[in-house]
Amino acid sequence: VLWPELIAEWELSPEWARWFDQREGSTCAWCGSNLRSCQLAQAIIDAVKARTGATATCLETILADPQVASLSIAEINSAGTLHQFLSRVPNLRYSEFGSKVAGVPSEDMMHLSYADSSFDLVITSETLEHVPDVDAALGEIHRVLKPAGLHVFTVPVVWDRAKSRRRAYLDNGKLVHVLPPSYHGAPQHNKTDLLVFYEFGADFVEQC
């Protein structure tokens, strides 16, 4: 799944390149979800159980439980193959950054439009590394969650790297590159894809 230029940009060892390839490239024969999405699905199931008492062990089944219909859920940028199941939740608020699709609003994670204490769950998948200020984004997610609400998310983390590193930042609206630009999603470095602002290391857990 990874291409040589991205491996070089991230300075991944062969071991970690294989780990990310397995994470992103091993898929479920039934729904097409990769290992990362399967792990995210399990975390959503656990969060829904904690909020509702529902007992199903499959994401599709638990989201169809009437007890789950009352949950307010924000899916900020599509959670990939899981969106097909999340979209069935009555109180889902789904957004895509930069969306021009009717009925799909655009949300800036550093300045969410939602009111305080709006959601039982906020779900993001491989999004925070593309946000210019991850602390601002986490603060906004905390603001829009209800008391005891949960943010369920994935980010790519190089676990044997002690410190996260910033590849770029905004200075009064001007983009500043600390390291050469890196993009996810296309071996050809499609510039319409989202720029990587952060490469997360093990310290990201404490930052959260």
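Before we move on, is Ala69 open to solvent by 10 Å² or more (accessible area, probe 1.4 Å), farther than 23 Å from Phe197 by Cα and out of contact with any strand residue (DSSP E or B) (no Cβ under 8 Å at 6 or more places or on another chain)?
Spelling it out, Ala69 is indeed open to solvent by 10 Å² or more (accessible area, probe 1.4 Å), farther than 23 Å from Phe197 by Cα and out of contact with any strand residue (DSSP E or B) (no Cβ under 8 Å at 6 or more places or on another chain).
Considering (1) more than 21 Å from Ile45 (Cβ to Cβ); (2) exposed (fewer than 15 other Cβ atoms within 10 Å of the Cβ), say which one Arg88 fails and leave the rest. Of the numbered conditions (1) more than 21 Å from Ile45 (Cβ to Cβ); (2) exposed (fewer than 15 other Cβ atoms within 10 Å of the Cβ), the odd one out for Arg88 is (1). Trp3 satisfies every condition listed in (1) in contact with a helix residue (DSSP H, G or I) (Cβ under 9 Å, 6 or more places away or on another chain); (2) closer than 20 Å to Val196 by Cα; (3) open to solvent by less than 40 Å² (accessible area, probe 1.4 Å) except (1). Inclusion of Leu40 among residues that are within 18 Å of the chain's Cα centre (by Cα), assigned to a helix (DSSP H, G or I), crowded, with 19+ Cβ neighbours inside 10 Å and modelled with pLDDT of 95 or more is warranted. Any residue that is surrounded by 12 or more Cβ atoms within 10 Å (Cβ to Cβ), part of a loop (DSSP other than H, G, I, E, B) and in contact (Cβ under 8 Å) with a residue 60 or more places away in the chain - is there at least one of those in region 138-155? No: zero hits. Within region 10-34, if we keep just the residues that are open to solvent by 80 Å² or more (accessible area, probe 1.4 Å) and not charged (D, E, K, R), the residue that is farthest from Leu71 (Cα to Cα) turns out to be Pro14.
Based on this model, can you work out whether Thr55 counts as free of Cβ contacts under 8 Å to residues at least 60 places away in the same chain and surrounded by 14 or more Cβ atoms within 10 Å (Cβ to Cβ)?
Numbers: free of Cβ contacts under 8 Å to residues at least 60 places away in the same chain: yes; surrounded by 14 or more Cβ atoms within 10 Å (Cβ to Cβ): no.
Considered against the rule, which asks whether it is free of Cβ contacts under 8 Å to residues at least 60 places away in the same chain and surrounded by 14 or more Cβ atoms within 10 Å (Cβ to Cβ), Thr55 comes out as no.
Here Ser99 meets the list (1) open to solvent by less than 40 Å² (accessible area, probe 1.4 Å); (2) part of a loop (DSSP other than H, G, I, E, B); (3) in contact with a Leu (Cβ under 7 Å, 6 or more places away or on another chain) almost entirely, failing just condition (3).
Any residue that is part of a helix (DSSP H, G or I) and open to solvent by 50 Å² or more (accessible area, probe 1.4 Å) - is there at least one of those in region 75-84?
Yes, because at least one residue in region 75-84 is part of a helix (DSSP H, G or I) and open to solvent by 50 Å² or more (accessible area, probe 1.4 Å).
The set of residues in region 171-193 that are among the basic types (Lys, Arg) and either at pLDDT 65 or above or open to solvent by less than 80 Å² (accessible area, probe 1.4 Å) (or both) contains only Lys174.
The values are calculated or read from the model by the stated rules, or taken from the named source; none is laboratory data. Bear in mind the structure is a predicted one, so any value in this text is a computation, not a measurement. With ideal geometry, Cβ positions are generated from the backbone for all residues, glycine too; neighbour counts draw on all protein chains shown. Areas reflect the complete protein model, heavy atoms only, side chains present, ligands, DNA and RNA absent. Shrake-Rupley method; radii C 1.70, N 1.55, O 1.52, S 1.80 Å.
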